[in-house]
Every structure is written in C-alpha cells, then in structure tokens.
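Asks: Just passing along the structure, written as structure tokens.
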Amino acid sequence: ITIEAWIRPDNTTQTGPARIVTLSGDAGNRNFTLGQRDSKYDIRLRTTETNLNGSSTVVRTGSGTVETSLTHVVYTREASATAKAYVNGVEIASNVISGELANWNEGYRFALANELNDERPWLGDYHLVAVYGRALTEEEVLTNYNAGVESSPANEGPIAGAGSDQTVIDE
C-alpha cells in the first residue's frame with residue numbers, strides 16, 4: 001500500500017494524532033491512518049499482527065518534520081513488511097509492520113481531515129491525496145515529488161491525474 005498526500009498543515013501543534021487521511025470505523029478501529037501529532041507525522045496500519053487500531057506498530061517521523069509549507073508526505077508498506085515514511089522525496093522514518101492485510105474491515109469508510117466520529121480534526125489544506133494498491137519504490141516517490149514541484153504554478157501544489165492503480169482527490 002502507498003498513501004500519498006500533498007498538504008499544507010495550518011500549524012505544528014495539532015494533537016491526536018489529527019487525521020489527515022483515514023480508512024476507519026472510529027477513533028480506535030482502522031485499516032490505516034496518516035495523521036499529524038504536533039510536529040510529527042504518525043502513520044498506523046492494521047495487519048494480522050497489530051492491534052485493531054494499528055497503533056501497536058507505528059511509523060512516526062521525528063520532531064520538527066511537520067512544517068506549515070506545502071509538503072509531500074508518502075507512506076509505503078511493502079509485502080516484505082517494510083514500512084517507510086517520506087517527506088518531500090526523502091525517506092525519514094521506517095519500521096517493520098509484520099502481518100497481512102487480511103483482517104481489514106471492508107465496512108470502514110474513507111475520511112479526510114477528521115475521524116468519522118468527529119474526534120480528531122486536522123487543520124490544513126489539501127492539494128492531492130492518493131492511495132495505491134502497492135508500495136511505490138523510492139524512485140517513484142521521488143519522481144512524484146519532483147513532478148509535483150515542477151508542475152506547480154508558484155509551487156502552489158501538484159497538477160496530477162489518476163493512474164490505473166490510484167484514487168486521487170485533487171483541488
């Protein structure tokens with residue numbers, strides 16, 4: 001899986017983690033979440049080896065990673081269980097997330113900027129959100145970052161279209 005977002009956070013003090021993008025049932029049950037916790041990104045993925053919240057094994061970036069400028073954030077998790085977080089084309093965190101995705105709940109819903117029960121609001125602007133059914137390679141992450149930066153008028157955000165293996169929400 002890959003979760004890709006071009007975002008501009010309003011601040012570096014959002015608690016929670018505040019949900020940037022989630023596929024979940026509520027604040028404690030999810031298939032995945034890309035969130036912001038203060039000046040860090042917090043990514044959770046449910047597998048057969050994690051808890052129902054995906055919080056027993058998290059990929060979390062270091063303090064100071066979140067900035068209030070336009071930012072490209074990407075999370076990948078390979079079939080080999082290696083999970084990585086990238087910010088602006090650079091890998092900044094990784095972890096091993098063991099297990100399979102076989103226990104995902106198909107009834108969970110996709111949400112932006114909050115949890116479905118309105119408990120974890122995220123404040124900021126979206127320029128693109130994409131979810132892929134495979135892990136992008138490091139080269140593909142860098143290509144997407146460079147394409148977004150190069151095609152953005154005055155660096156205001158990417159101009160992108162959906163490929164056959166992605167869903168895109170674009171302003």
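Asks: Provide a single number: the residues in segment 109-120 that are within 17 Å of the chain's Cα centre (by Cα) and either charged (D, E, K, R) or open to solvent by 40 Å² or more (accessible area, probe 1.4 Å) (or both).
Replies: Taking segment 109-120 as the starting set, the residues that turn out to be within 17 Å of the chain's Cα centre (by Cα) are 109-116, 120.
Pick out the ones that are also either charged (D, E, K, R) or open to solvent by 40 Å² or more (accessible area, probe 1.4 Å) (or both) and you get 109-110, 112, 115-116, 120.
The total comes to 6.
Asks: Within segment 80-88, is even one residue surrounded by 14 or more Cβ atoms within 10 Å (Cβ to Cβ), over 20 Å from Thr12 (Cβ atoms) and in contact with a Pro (Cβ under 9 Å, 6 or more places away or on another chain)?
Replies: no
Asks: Out of Val59, Val66, report the one residue that is free of Cβ contacts under 8 Å to residues at least 40 places away in the same chain and not charged (D, E, K, R).
Replies: Details: Val66 fails: free of Cβ contacts under 8 Å to residues at least 40 places away in the same chain.
On inspection, the qualifying residue turns out to be Val59.
Asks: Could I ask something else about it? Output the residues belonging to segment 18-38 that are open to solvent by 10 Å² or more (accessible area, probe 1.4 Å), touching an Asp or Glu at 6+ places or on another chain (Cβ under 8 Å) and either at pLDDT 95 or above or part of a strand (DSSP E or B) (or both). First the steps, then the outcome.
Replies: First, pick out the residues of segment 18-38 that are open to solvent by 10 Å² or more (accessible area, probe 1.4 Å): 23, 25-29, 37-38.
Going one step further and asking which of them are touching an Asp or Glu at 6+ places or on another chain (Cβ under 8 Å), we end up with 26-27.
Result: Asp26, single match.
Asks: Consider Glu100 against the criteria (1) modelled with pLDDT of 95 or more; (2) buried (at least 19 other Cβ atoms within 10 Å of the Cβ): it satisfies all of them except one. Which criterion is unmet?
Replies: Checking Glu100 against (1) modelled with pLDDT of 95 or more; (2) buried (at least 19 other Cβ atoms within 10 Å of the Cβ), the one that fails is (2).
Asks: Hey, could you check segment 116-151 for residues that are without any contact (Cβ under 8 Å) to a residue 40 or more places away in the chain and charged (D, E, K, R) and say which is farthest from Asn29 (Cα to Cα)?
Replies: In this case the residue turns out to be Glu150.
Asks: Exactly one condition in (1) without any contact (Cβ under 8 Å) to a residue 60 or more places away in the chain; (2) open to solvent by 10 Å² or more (accessible area, probe 1.4 Å); (3) in contact with a Phe, Trp or Tyr (Cβ under 8 Å, 6 or more places away or on another chain) is not met by Leu45; state its number.
Replies: (2)
Asks: Those residues that are closer than 18 Å to Ala18 by Cα and open to solvent by 10 Å² or more (accessible area, probe 1.4 Å), I need them from segment 66-79; list them, please. Walk me through how you get there before you give the answer.
Replies: From segment 66-79, those closer than 18 Å to Ala18 by Cα are 66-75; that's our starting set.
Listed by number, the residues that qualify are Glu67, Thr68, Ser69, Leu70.
Asks: Could you look through segment 147-170, keep only residues that are under 25 Å from Ser39 (Cβ atoms) and surrounded by fewer than 15 Cβ atoms within 10 Å (Cβ to Cβ), and pick out the one that is modelled with the highest pLDDT?
Replies: Per the stated criteria, the residue is Glu156.
Asks: Any idea which of (1) closer than 23 Å to Tyr132 by Cβ; (2) of a type in the set (Lys, Arg); (3) without any contact (Cβ under 8 Å) to a residue 24 or more places away in the chain is the one Lys84 doesn't satisfy?
Replies: Evaluating Lys84 over (1) closer than 23 Å to Tyr132 by Cβ; (2) of a type in the set (Lys, Arg); (3) without any contact (Cβ under 8 Å) to a residue 24 or more places away in the chain leaves (3) as the failure.
Asks: Does any residue of segment 89-99 turn out to be on the phi < 0 side of the Ramachandran plot, of a type in the set (Val, Ile, Thr) and in contact with a helix residue (DSSP H, G or I) (Cβ under 6 Å, 6 or more places away or on another chain)? Show your work before the answer.
Replies: Applying the first criterion (on the phi < 0 side of the Ramachandran plot) to segment 89-99 yields 90-98.
Within this subset, residues satisfying the condition of being of a type in the set (Val, Ile, Thr) are 90, 92, 96-97.
Keeping just the survivors that are in contact with a helix residue (DSSP H, G or I) (Cβ under 6 Å, 6 or more places away or on another chain) gives none.
Looking through segment 89-99, none of the residues is on the phi < 0 side of the Ramachandran plot, of a type in the set (Val, Ile, Thr) and in contact with a helix residue (DSSP H, G or I) (Cβ under 6 Å, 6 or more places away or on another chain).
The values are calculated or read from the model by the stated rules, or taken from the named source; none is laboratory data. Quantities reported herein were computed from a predicted structural model and do not represent experimental measurements. Here the Cβ is made from the backbone with ideal geometry for all residues, glycine too, and neighbour counts use every protein chain on show. In case anyone asks, the SASA skips ligands and DNA or RNA and just uses the protein heavy atoms, side chains included. Shrake-Rupley method; radii C 1.70, N 1.55, O 1.52, S 1.80 Å.
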